[in-house]
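Following: one structure in C-alpha cells, then a few remarks.
The values are calculated or read from the model by the stated rules, or taken from the named source; none is laboratory data. Since the structure is predicted, the reported quantities are computational estimates derived from the model, not experimental observations. Cβ sites come from the backbone with ideal geometry, for glycine too, and all protein chains shown count toward neighbours. With ligands, DNA and RNA removed, areas are computed over all heavy atoms of the protein, side chains included. Shrake-Rupley method; radii C 1.70, N 1.55, O 1.52, S 1.80 Å.
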Amino acid sequence: MATESSESEEEGKIRGGNDKLIIEDDLREMSKNAAWSVSSCKPGNGVTTLRDDNLETYWQSDGLQPHLINIQFQKKVKLQLVVLYVDFKLDESYTPSKISIRAGDGFHNLKEIKSVELVKPTGWVCLSLSGTDPRETFVNTFMLQIAILSNHLNGRDTHIRQIKVYGPRPNPIPRQPFQFTSMEFLTYSTLR
Amino acid sequence: MENLLANCVEKNLSQFMFTNAIFFCERLLAEFPSEVNLQLLARCYLSNSQAYSAYYILKGSKTPQSRYLFAFSCFKLDLLGEAETALLPSEDNVDEVPGGAAGHYLLGLVYRYAGRKNSSIEQFRMALSFDPLCWEAYRELCSLGAAEEASTVFGNVAFQRLQETFVTQRINFSEGANINQLTDSDKASRDTSLWRTEHVPGENQQDLKIRQLGADIPPDTDRQLNTNGWDLNTPSPVISQVLDAPPPLLHKNMLRSAVEGSLMSVHGGRRIKFSEEMSAEATEGSGRRRSARIAARKKIPMSQSFGKDSYRLHLSPSESNCVPSLSSMIEKCRIQSSKEATTSGQSISDIGSSVDDEENKNPSESSPDSSSLISGISEVLNLLRILGDGHRHLLMYNCQEALLVYQKLSLKQYNTHWVLVQVGKAYFELQDYFNADSTFTLAHQKYPYALEGMDTYSTVLYHLKEEMRLGYLAQELISVDRLSPESWCAVGNCYSLRKDHDSALKMFKRAIQLNERFTYAHTLCGHEFAALEDFEGAERCYRRALSIDTRHYNAWYGLGMTYLHLEKFEFAEHQFQLALKINPRSSVIMCYYGIALHESKKNDEALNMMEKAKLTDAKNPLPKYYKANILASLGDYHKAQKVLEELKECAPQESSVHALLFNIYKQLKLYDKAVLHFGTALDLNPSPSDAVKIKAYMERLVIPDELAMEENL
C-alpha cells in the first residue's frame, strides 16, 4: 500500500494528506489507457486539469451534486489505489468532503465499492480499493466512477487538482501464470 | 608565395588550427587556383567538420583524389546517391574506384547505409583485397554476417600483397628521393605537402580517412607528418636529434589513423606503406598497447641504429631490441617530409642524397631487410588472424569459440580495451553475467575514457540489478562525454531498472538523436515502449533497429515478445525463428519460441524446443519450468510434477515453482502436498497479484476439504 502519514480512519474518515506522493514499486499508473469524463465543468477548468501533473490547475464542477468523474477502460483492469490531490487551505468550501467510489461495467451497473469522508485534507489522499479479504486486493472492472457527494462548508461546486489511479504491474513475461521472484529465474527470463 | 602559403596551411592542419588553415587556404586558392589547392581547401573544411563546404567546392571535380574527397563529404552529409556516383568508375574517369582500399571501404559503407547488402559486401571484400590491413572492412563484413575465415583473409594472399606493396614502396622511396632532387624544390614541397596526413584523435575514423590521401599524383610521395609540430627548419644533419624526439605522438596518430591508415591507397606513395606498417600494429588496439611498444622502442639508442638499420623493419612487440629500425625509418620519413615542408629545396636534395647514400651504403643489408620485413608482416597478420577470428565468432554468436580464440592473445594485447570489450560481450551473449561484469569492470577501470561497449556493460549491470553501480557508471560516462550515445544508453538503463520507463525512454531517444544508426538504442527504446505497454511504439522501434542492422537479434526477440503480448502467436513464432537463425545458441529465445509454439497449439514442437533449450544451456532453469507449465496445461500432471520436483532442487527459492506445484498437487488431489507448497509459495514473496491468485486457488481447495470432513463426520 502507499505510505500515508497522519491518517486516521474512523469509520471511513480521512484527515490530512501527504505533500509527496510515494507509491510502491509494484503499482503502476493505469490512467493512460482510460477515457476520462466529468459531469460538469467551468470553462477553463476542465477535465484535462485532472491529468496534467500540475497541482496549480484544478477541475471545477458547475452543476448539481453529486459531481461525477468517470474513468472508462477499454478492457477490464485490476485497480488497487485511487489518489486525489485536494487542499482545504487553498480551496476551502470547494474541497470535497464525502466521496463515493463506484465500479462496474458501465453507467448502468455501477456499484459502490468505497465510501470515505475527508476532513480538511491538505495534499495527496490515498483511497485504497482493496477489501478486507486478501482475495479482494484488486478491483477488476471496466469503469470507475468517483462521486463527490458533498463539500466542506456545504459548498456547491468542488475543486480537485489531480487524480491518479494505480493497479498492479503486469507480468513482463507474456502468457505465464506467475511472475518470477528469484534471481536465477529473472536473469534468464528476458533478453535486453 | 604559393609555397609559403601551402606550407603554412599544412602546418596549421597538423597542429589543429583549422580556422587559420582555412583562412590561408582561401588566400592560396584565390592567388593560385588549381585542383590541388582546391583539394587542400576541402581537406581544411573536412578537418573543421564543415563537410558541406567541402561538398560545394568539390562539386564537379574530376580528378580521383577530388572525387574521393567529394564522396566523403557527400557521405558525411548523408547524400548517399551522390557519394556513390562520385566513387564509381565511369567512362571518362579512371576505371577504378578512387582512393583504392579507402574508396572501396567508403563505397561499401554507402551501400550498407542504403541497404544494399550484397553490393556492400562486395565492396568490403575488394577493400580487403587491395589492402589487407583494412580492418574496418573486415569488421563490417563480420557484422553483415558475410565474413570469411580470418585465416584466409589475413593469410598468404594478404602476406604477399603486403610484401609486394612494401617492396614497391621501398623502391619508390629511393627513386622518389632522386626525383625530388631533380624536380623544382618549390613544386615538390608543394605537392608533397598536399599529401601530408593529419591525425586528429578526436575525430571519428571516417574523418581520418580523408587524410590518408591516396596517391595518384605523379612521382611525389606521401609523407607522414607528425602532429607534434616539429621545428621544421632544421637542416638534415640534425636528424639524430630529431629522432630522439618521442614518437608517442606518431603512434597516437597512428592509433587513430590506424584503422584508417590501412585505408591509404596502395598505388604510388612510398610512405603510405610505412604508415600501413605502423597502422598495422596500431590497427587493432588502444593507445596503451602501442605506448608499451613505443616505450620498448624508445629504449633503443636511436642514433647508432639510424645509419645502418634504416630499412629494417621489425614489428614484433616482443623483440624490442630490433624495433628501432621502423621508428627510425618513420622518423626519417617524417624528417624528409618536414624538411620538404620547409621552403628549402636544399634540404630535400640533402636528404635525397643521404638516402641515396644509405642505399648505397647498405647493399649487404638488403637480405636482413627483407627477412625482417617478412617477419614483421607475418607478425601483424598473425595478430589480425586471431582478432579477426575472435570477432567473427563473436558476431556469429559462437561465443565459446570466440572466448577460446581471444585467450590465444598475448597478455598485453588481451588487456586492451577493444579485446576486453569483445570478451565481455561474449560472456554477455552466453548469459554469464557475472563474468561479463568482471571483464567490463576491468575494461572500464583501465580505460575510463573509452566508451565503446559501455552500453553493453550497462545492460549487464541491469540484468544483475546493480542499481548503485549502474547509476555510478552512468554518471561517469556522462561526465566523460555527454555527446556519446553509449552514455545515454547507460543512463536510460539506470532509469529502467528503477521502473521509471518514461524517463528511460527519453534517455534512449536522446541517444538516438546523437547517432541515428546506433542500433542498440533503438532496441532499448522498443523495450521501454513494451514495458509501458505501448506495443505499437515498441514495434516501430524494433523495426527501425532492424532496418539499420538486420542481424541484431535482440530486436527480433523484442518483436517476438511484443507479438506474444498482443497474442499474435504465429507472428511471434516467426520472429523468434528469425532470431534463432541469427543466434542459434540462445536458450532464452528457444524458451520463448517454445511458448509461442505452445500457444499456437503445436505442443510437441514446443516440448522439443524446451528440451533443446535445456541442452543448450544447462544453467538455465527456465526450460524445465516452461516444460512443466506446458505439461500441466496439457493435463499431464505426473510428468509435470516430476519436472518441477527436479527444478525445486535447483531453485528452491522460486515462488512460482511452488505455486505451480501447488496447482498440480491440487489437480492430483494430493492435498497435503498442495497445502505445503501453497504455504511456501506465499512465504517466498510473490508479487501481489500472484499472491491474490494463489489465495484464490486455495479458497477453491478448502471447500472440497470441508465437504470431505463433513462427510466423515
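Taking all protein chains as shown and a probe of 1.4 angstrom, B:Arg543 keeps an accessible surface of around 100 Å².
Exceedance of the 31 Å cut-off in Cα-Cα distance is limited, within the set A:Lys76/B:Lys673; B:Lys642/B:Lys695; A:Lys114/B:Lys695, to A:Lys76/B:Lys673.
Do the alpha carbons of any pairs in A:Lys13/B:Lys499; B:Lys601/B:Lys624; B:Lys506/B:Lys693; A:Lys32/B:Lys601 sit beyond 23 Å of each other, and which pairs? A:Lys13/B:Lys499; B:Lys506/B:Lys693; A:Lys32/B:Lys601, as the Cα separations exceed 23 Å there.
Annotation: amide H of A:Ile113 within the under-5 Å range of A:Ile101, A:Arg102, A:Ala103, sequence separation 5 or more or interchain, hydrogens built in the peptide plane.
Cα to Cα, under 16 Å, and not fewer than 8 places away if on the same chain: which lysines meet these conditions relative to B:Lys11? Of all the lysines, those that pass the test against B:Lys11 - Cα under 16 Å, at least 8 places apart if same chain - are B:Lys339.
Given a 1.4 Å probe, show me the residues in the range A:133-155 buried by at least 30 Å² of accessible surface when comparing the whole protein assembly to the chain alone. Those are A:Pro134, A:Arg135, A:Phe138, which lose 30 Å² or more relative to the chain on its own. Residues in the range B:502-519 carry Karplus couplings, in order, of 5, 5, 4, 4, 4, 5, 5, 5, 4, 4, 5, 4, 6, 8, 4, 9, 8, 4 Hz; the curve used is 6.51 cos²θ - 1.76 cosθ + 1.60 with θ = phi - 60°, and Gly or Pro positions show x.
Scalar couplings 3J(HN,Hα) for the range B:436-448, obtained by applying the Karplus form with A = 6.51, B = -1.76, C = 1.60 to θ = phi - 60°, are 4, 4, 5, 5, 5, 4, 4, 4, 5, 5, 6, 10, x Hz; x denotes Gly and Pro.
What the range A:109-151 shows is 40 Å² of accessible area per residue, with the surface traced by a 1.4 Å probe over protein heavy atoms. For A:Asp87, the residues whose amide H sits under 5 Å from its own are A:Gly123, ignoring neighbours fewer than 5 places away on the same chain, with H placed 1.01 Å from N. For B:Lys425, a cut-off of 21 angstrom between C-alpha atoms picks up these lysines, skipping any fewer than 8 places away in its own chain: B:Lys408, B:Lys412, B:Lys446, B:Lys465, B:Lys581, B:Lys619.
Here is how the number arises for chain A: DSSP H runs of 4 or more residues each give -39500 (n - 2.57), the sum is divided by the residue count, and the result at 222 nm is -1000 deg cm²/dmol.
Phi angles of the range B:540-557 translate, via the Karplus equation with coefficients 6.51, -1.76, 1.60 and θ = phi - 60°, into HN-Hα couplings of 4, 4, 4, 5, 5, 4, 5, 5, 7, 9, 5, 9, 8, 5, 4, 5, 4, 4 Hz per residue; Gly and Pro are given as x. Legend: distances between Cα atoms for B:Lys568/B:Lys648; A:Lys78/B:Lys509; A:Lys20/A:Lys78; pairs beyond 26 Å are B:Lys568/B:Lys648; A:Lys78/B:Lys509.
Accessible surface computed residue by residue for the range B:406-555, with neighbouring protein chains in place and a 1.4 Å probe, gives 41 Å² per residue.
Mean separation of Cα pairs under 8 Å and 6+ residues apart, divided by the residue count of chain A: what relative contact order is that in percent? Contact order relative to length: 30 percent.
Under 5 Å from the amide H of A:Arg169 lie the amide H atoms of A:Arg28, each residue being 5 or more positions distant or on a separate chain, with H modelled from the backbone and absent for Pro and chain starts.
Can you give the relative contact order of the range A:27-128 as a percent, counting alpha carbon pairs under 8 Å and 6+ residues apart? Reported relative contact order: 24 percent.
Relative contact order, whole percent, for the range B:562-695 stands at 14, derived from Cα pairs under 8 Å and 6 or more residues apart.
Buried accessible surface for the A/B pair, both sides summed and rounded to the nearest 100, is 4100 Å² with a 1.4 Å probe. Per residue of B:678-690, other chain Cβ atoms within 10 Å of the residue Cβ number 4 on average.
For the range B:413-498, applying the loop criterion from DSSP together with a ceiling of 12 other beta carbons within 10 Å to the chymotrypsin sites (Phe, Trp or Tyr not before Pro) yields B:Tyr449.
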